[in-house]
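Okay, structure first, notes after.
The values are calculated or read from the model by the stated rules, or taken from the named source; none is laboratory data. All values reported here derive from a predicted model rather than from experimental measurement. Here the Cβ positions follow ideal geometry from the backbone for every residue, glycine too, while neighbour counts run over all protein chains shown.
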């Protein structure tokens with residue numbers, strides 16, 4: 001019984017002695033996707049990337065339509081031409097389709113590399129501006145909005161950073 005009272009008194013002592021802990025760190029959060037989509041420099045980079053993507057898509061559609069047209073021509077000629085001639089045209093079409101797939105994969109890979117490079121350069125340009133804003137506002141920790149479940153809107157510095165970027169660039 002004495003041990004039980006002793007253990008209870010220790011628990012009570014610890015619960016009474018607990019204090020609330022307040023952090024002296026200044027924390028803010030930022031929506032990087034929104035910053036990139038709505039800042040002048042981000043819009044220009046995204047526009048460049050989108051133009052390249054549309055150009056690639058148009059080239060591929062033209063090539064695909066040509067292949068479809070050739071396939072339709074072969075189907076129309078199927079009963080008219082000899083079997084050897086038909087086999088030759090089908091083989092030629094299959095080769096062109098294979099080349100098309102290789103070209104498409106190459107374009108996608110090249111586009112991904114260009115997109116990655118452009119976004120990397122964009123981040124290298126905007127990071128010093130964000131860092132200087134953090135220094136100016138004495139912010140110690142900056143989190144991305146994607147990692148925040150809930151927070152006060154006063155800690156969101158997205159619009160301020162966009163204004164800083166637009167004045168800098």
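Remarks
- Residue list for segment 135-150, restricted to those being surrounded by 10 or more Cβ atoms within 10 Å (Cβ to Cβ) and within 21 Å of residue 37 (Cβ to Cβ): 142, 143, 144, 145, 148
- Of residues in segment 152-166 being part of a helix (DSSP H, G or I) and touching a strand residue (DSSP E or B) at 6+ places or on another chain (Cβ under 8 Å), the one modelled with the lowest pLDDT: 155
- Count of residues meeting criterion [without any contact (Cβ under 8 Å) to a residue 40 or more places away in the chain and either closer than 21 Å to residue 159 by Cβ or touching a helix residue (DSSP H, G or I) at 6+ places or on another chain (Cβ under 6 Å) (or both)] in segment 101-123: 1
- The single condition from (1) out of contact with any strand residue (DSSP E or B) (no Cβ under 7 Å at 6 or more places or on another chain); (2) exposed (fewer than 15 other Cβ atoms within 10 Å of the Cβ); (3) more than 19 Å from residue 50 (Cα to Cα) that residue 86 fails is (2).
- Within segment 151-167, the set of residues being closer than 18 Å to residue 37 by Cα and touching a residue at least 60 places away in the same chain (Cβ under 8 Å) comprises 156, 157, 158, 161, 162, 165, 166.
- Hits in segment 113-134 - residues which are surrounded by fewer than 15 Cβ atoms within 10 Å (Cβ to Cβ) and farther than 21 Å from residue 43 by Cα: 132
- Residues in segment 124-150 that are outside any helix (DSSP H, G or I) and either at negative phi or in contact with a helix residue (DSSP H, G or I) (Cβ under 8 Å, 6 or more places away or on another chain) (or both): 9 in all.
- Residues considered: 94, 75. Of these, the only one that is more than 30 Å from residue 52 (Cβ to Cβ) and without any contact (Cβ under 8 Å) to a residue 12 or more places away in the chain is 75.
- Residue check for residue 61: at pLDDT below 95 and either surrounded by 15 or more Cβ atoms within 10 Å (Cβ to Cβ) or out of contact with any strand residue (DSSP E or B) (no Cβ under 6 Å at 6 or more places or on another chain) (or both): no
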